[in-house]
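First comes the structure, then the notes that go with it.
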Amino acid sequence: MEFVQKEKPLPFFLHCDDVEYGLRLGTVPMALNGIQVWHETYEYRQSPVITYYDVRNSLITNAICGCSIGRRDLWTLWTQKLADYLEQGNLEYYFATILGLYDFVMGARRFYREDIEKHHNRLKTRISRTNRQKAWWYLKVIYVRLMVCYKKIQNAYRRENK
């Protein structure tokens, strides 16, 4: 418990905060019968903004906790998900996923120094203003940063979290 108390909390509360905390705590969770957190079912709580946080926060959590897959597998996994969104005509989710990937690969320094409230307030606008041309530019940046500096990105998140 001392380790968890000494470390800084991640600057996100939405999606993956509980997973990150549990992984960092490193103990078996305690189940309390009859006590639970109620969530909307998946189909009612999904939105492009939630998708963005799911993507970005899970990548950051995996980088910090050392649970990440290799860069090529990561690229394959996410490009398949992006292709699925395009096939479904789900452009907002497509753009939200790209922005989540992009913000992850831009690194820990930017993430830890960003004003969380301002970022959240701008997010919906960023998603709605992203078009196919911008998405293509983001994807090129994501690909290059993943292929060239994936380990550095992961290590930076670990360092900044200490």
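The values are calculated or read from the model by the stated rules, or taken from the named source; none is laboratory data. What you see is a predicted model, and the numbers here were worked out from it, not measured in a lab. Neighbour counts run over all protein chains shown; Cβ positions are idealised from the backbone, glycine included.
Annotations
- Some residue of the stretch 69-88 being outside any helix (DSSP H, G or I) and either modelled with pLDDT of 95 or more or surrounded by 14 or more Cβ atoms within 10 Å (Cβ to Cβ) (or both): no
- Residue tally, condition over 19 Å from A96 (Cα atoms) and outside any helix (DSSP H, G or I), over the stretch 116-162: 2
- For the stretch 121-134, the candidate set comprises residues that are in contact (Cβ under 8 Å) with a residue 24 or more places away in the chain and under 17 Å from the mean Cα position of the chain (by Cα); within that set, the residue that is surrounded by the most Cβ atoms within 10 Å (Cβ to Cβ) is I127.
- Test: residue in the stretch 90-99 that is out of contact with any strand residue (DSSP E or B) (no Cβ under 7 Å at 6 or more places or on another chain), within 22 Å of N155 (Cα to Cα), modelled with pLDDT of 90 or more and not in a loop (DSSP other than H, G, I, E, B): yes
- Qualifying residue in the stretch 126-148 (condition: closer than 20 Å to S58 by Cα and among the hydroxyl-bearing types (S, T, Y)): yes
- Within the stretch 18-50, the set of residues being touching a Leu at 6+ places or on another chain (Cβ under 6 Å) and modelled with pLDDT of 70 or more comprises V49 only.
- Filter pass, Q36 being polar (S, T, N, Q) and more than 23 Å from C149 (Cβ to Cβ): yes
- Y143 in contact (Cβ under 8 Å) with a residue 60 or more places away in the chain and surrounded by 11 or more Cβ atoms within 10 Å (Cβ to Cβ): yes
- Residue list for the stretch 67-104, filter: over 12 Å from Y138 (Cα atoms) and among the polar types (S, T, N, Q): S68, T76, T79, Q80, Q88, N90
- Residue in the stretch 73-85 that is of a type in the set (K, R) and under 10 Å from the mean Cα position of the chain (by Cα) present: no
- Taken over the stretch 148-162, the residue count meeting the criterion of being exposed (fewer than 13 other Cβ atoms within 10 Å of the Cβ) and at pLDDT below 85 is 2.
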